[in-house]
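Input: a single structure, listed below in structure tokens.
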Amino acid sequence: MREQRGQPVSHVPDRVSLTPSRHISFPMRMQEARIHKRLTVDALATKCNMSIKDITNFESGTEMPAPAVMEVIKKVLELE
């Protein structure tokens, strides 16, 4: 433990572990999976037959995809 002005400071980890996928929102899981697969937003949009704007809106949480669209994205990104 480090001390700051005479007060002990608890250790802050260098890395933050992610919570299990069931607790992460779909937009975050989608973006993490895309980055993990080394896909650009443009490449994912092409593979899903969607616009770049749609993918960007889904990842930002501005819009949520319809269930059928979400299934396409999950299949392409190999989620669940």
Out of segment 46-77, which residues are under 16 Å from the mean Cα position of the chain (by Cα) and polar (S, T, N, Q)?
T56, N57, S60, T62
Of the conditions (1) surrounded by 14 or more Cβ atoms within 10 Å (Cβ to Cβ); (2) modelled with pLDDT of 95 or more, D42 fails just one. Which one is it?
(1)
So R29, is it assigned to a helix (DSSP H, G or I), more than 11 Å from the chain's Cα centre (by Cα) and modelled with pLDDT under 95:
no
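Would you be able to tell me the number of residues in segment 52-80 that are open to solvent by 50 Å² or more (accessible area, probe 1.4 Å) and in a loop (DSSP other than H, G, I, E, B)? Walk me through it before giving the result.
Just the residues of segment 52-80 that are open to solvent by 50 Å² or more (accessible area, probe 1.4 Å), to begin with: 52-54, 56, 60, 62-64, 66-68, 71-72, 75, 78, 80.
Keeping just the survivors that are in a loop (DSSP other than H, G, I, E, B) gives 62-64, 66, 78, 80.
Total meeting the criteria: 6.
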Based on what the data block shows, is R34 of a type in the set (K, R) and either out of contact with any Asp or Glu (no Cβ under 8 Å at 6 or more places or on another chain) or not in a helix (DSSP H, G or I) (or both)?
no
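Can you give me the number of residues within segment 27-50 that are among the small types (G, A, S) and touching a helix residue (DSSP H, G or I) at 6+ places or on another chain (Cβ under 6 Å)?
Step one: list which residues in segment 27-50 are among the small types (G, A, S), which gives 33, 43, 45.
Imposing the further condition that a residue be touching a helix residue (DSSP H, G or I) at 6+ places or on another chain (Cβ under 6 Å) reduces the set to 33, 45.
Residues flagged as among the small types (G, A, S) and touching a helix residue (DSSP H, G or I) at 6+ places or on another chain (Cβ under 6 Å) within segment 27-50 amount to 2.
The values are calculated or read from the model by the stated rules, or taken from the named source; none is laboratory data. Please read all numbers here as calculations on a predicted model, not as lab measurements. A quick note on method: Cβ atoms are made from the backbone with ideal geometry, for glycine too, and the neighbour counts reach across all protein chains shown. Just the protein is used for accessible areas: all its heavy atoms, side chains included, with ligands, DNA and RNA removed. Shrake-Rupley method; radii C 1.70, N 1.55, O 1.52, S 1.80 Å.
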